[in-house]
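The next block holds one structure in the form of structure tokens; read it before the comments.
The values are calculated or read from the model by the stated rules, or taken from the named source; none is laboratory data. What you see is a predicted model, and the numbers here were worked out from it, not measured in a lab. Cβ sites come from the backbone with ideal geometry, for glycine too, and all protein chains shown count toward neighbours.
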Amino acid sequence: MSEKWKPTENQNIGPISRVSDFFIDELNELQEELDCPDEFIYDFIEAIRNRWSPDSCHAQARKFKRENPDF
């Protein structure tokens, strides 16, 4: 089993922080526009999260593309 990947401090304070802020801003705007409860946003995030499950077909396709760039 490989070691779990961890971001560097620079990655945390740079692109990870930037994307986190972007997601939060976008989700706040979506919630305002739809006037939906937190539960909807929570379920929406869960649906997106599932695309990155190691067992998802999306994750398998991304892995295949990384391992076979010329395919």
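Taking the criterion of being under 15 Å from Ile45 (Cα atoms) and among the charged types (D, E, K, R), the only residue of the stretch 7-24 that qualifies is Asp21.
Taking (1) out of contact with any His (no Cβ under 8 Å at 6 or more places or on another chain); (2) surrounded by 10 or more Cβ atoms within 10 Å (Cβ to Cβ) in turn, Arg66 satisfies each apart from (2). Residues in the stretch 1-28 that are part of a loop (DSSP other than H, G, I, E, B) and charged (D, E, K, R) were compared, and the one that is surrounded by the most Cβ atoms within 10 Å (Cβ to Cβ) is Lys6. Could you tell me whether any residue of the stretch 37-53 is modelled with pLDDT under 95, over 13 Å from the mean Cα position of the chain (by Cα) and basic (Lys, Arg)? Looking through the stretch 37-53, none of the residues is modelled with pLDDT under 95, over 13 Å from the mean Cα position of the chain (by Cα) and basic (Lys, Arg).
State which residue is farthest from Ser20 (Cα to Cα) when the search covers only the stretch 56-71 and only residues that are charged (D, E, K, R) and modelled with pLDDT of 85 or more.
Asp70
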